[in-house]
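The values are calculated or read from the model by the stated rules, or taken from the named source; none is laboratory data. Since the structure is predicted, the reported quantities are computational estimates derived from the model, not experimental observations. All Cβ positions, glycine included, derive from the backbone under ideal geometry; neighbour counts span all protein chains shown. When the accessible area is computed, the model is the full protein with side chains, heavy atoms only, and any ligands, DNA or RNA have been set aside. Shrake-Rupley method; radii C 1.70, N 1.55, O 1.52, S 1.80 Å.
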Amino acid sequence: MITADNMTMVARIADSIAERIISGALAPGAPLRQDHVAREFNSSHVPVREAFRHLQAQHLVVAVPRRGVRVAPLDTRSVKEIAEMRAALEVVALRHSGPRLTTAHLAQIELALIEGDNAKTIEEFEMANRAFHQALVAPCGMPRLLASLDGLQLANSRLVFAMARSVGWRPRSNQDHRLILQALRTRNVDHACNLLTRHIQTIERLARAMADFG
C-alpha cells in the first residue's frame, strides 16, 4: 500500500532520476537497480518500483525482459518516435488551445520566448523552451493529452541536451517560436499548427544527424 510518505518519496526519487537522465548524467541504456536506488534514498523497494513506473510513463526508462529497468535509448529510432508523437499530439493540443488563448495566455507565451532569447546557458534555454511549448497548449482543456505531452517534452529535453553536448550551444533567438507566436496573435491557428509541425520536424532532423547518442 502506497502511503502519503511513500508518495513523497516516489516523487523525490522520480524527479532526481529524471533530472540525471535528461541532463545526460545517466547514459542511454544504463541499468537502474532497485536495491541501489533504495539504498541511495534510504527507502524500501515499494516507492522505487512506483518511481520507475512514473519514469516509464514519461518515456525516460524502459523495462527490458530479463535485463531489468534501464535508461531509455536515444538512438535514431527513438528520436523519430519522439518527434512523430510530439508533432501529432502537440498540434492536436494547439488546435484546441489556439482559439482559447487570451491576452494573458499570449503574454505568458511571449515571456517564455523572451526568456529563451535571453538565456545564457543551455539549462536556462531549455527551461524556457519547455515553458514556451507548455504555454502554447495549456488552455486546450484536455488533461490526458497534456500529461502525455509533458512526458514527451521531457524526452525532447534529452535531445536538446544531447545535441548541446555533441555540437555545443550558444545563445540565439528562436525564430520558429517567434513566428508561431505571431500567427497566434493574428488568430491564424492553422498557420501556427503548420509552423509548429515544421519546428518539431527540424528538431528531429538535427537530432537524427547526431544519433546514435547512446
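Here is how the numbers come out for the structure above:
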read-out	value
Percent accessible area from carbon and sulfur atoms, the chain, protein chains only, probe 1.4 Å	53
Relative packing of peptides 107-113, 27-33 - highest average C-beta neighbours within 10 Å first	107-113, 27-33
Principal-axis tilt of helix 103-117 within the chain, Cα atoms, nearest 10 degrees	70
GNM flexibility winner over the chain from Gly116, Gly68, Gly24 (Cα, springs under 10 Å)	Gly68
Accessible area per residue in Å² at 1.4 Å probe, computed on region 1-121	55
Extension gain, Asp75 back to Ile114 (0.36 nm per residue minus Cα-Cα distance, nm)	10.9 nm
Met142-Ser166 pseudo-label distance in nm [points 7 Å out on the Cα-to-Cβ vector]	3.0
Descending semi-axes in Å of the chain, equivalent ellipsoid built from Cα gyration tensor	32, 20, 16
Size of electric dipole in region 57-214: Cβ of Lys, Arg +1 and of Asp, Glu -1, about Cα centre, debye, nearest 20	300
Dipole of region 1-82, positive end: most advanced residue of Gln56, Gly29, Ala14 [Cβ charges, Cα centre]	Gly29
Tilt relative to the chain, helix 45-57 - C-alpha long axis, 0 to 90 degrees, to 10	30
Relative contact order of the chain, defined on C-alpha pairs under 8 angstrom at six or more residues apart (%)	26
Mean Cβ count within 10 Å, highest first, over the residues of peptides 149-160, 132-143	149-160, 132-143
Reciprocal of mean inverse Cα separation for region 58-185 (Kirkwood radius, Å)	15.7
Size of charge dipole - region 1-131 - debye, nearest 20, with Cβ of Lys, Arg +1 and Asp, Glu -1, no other charges	620
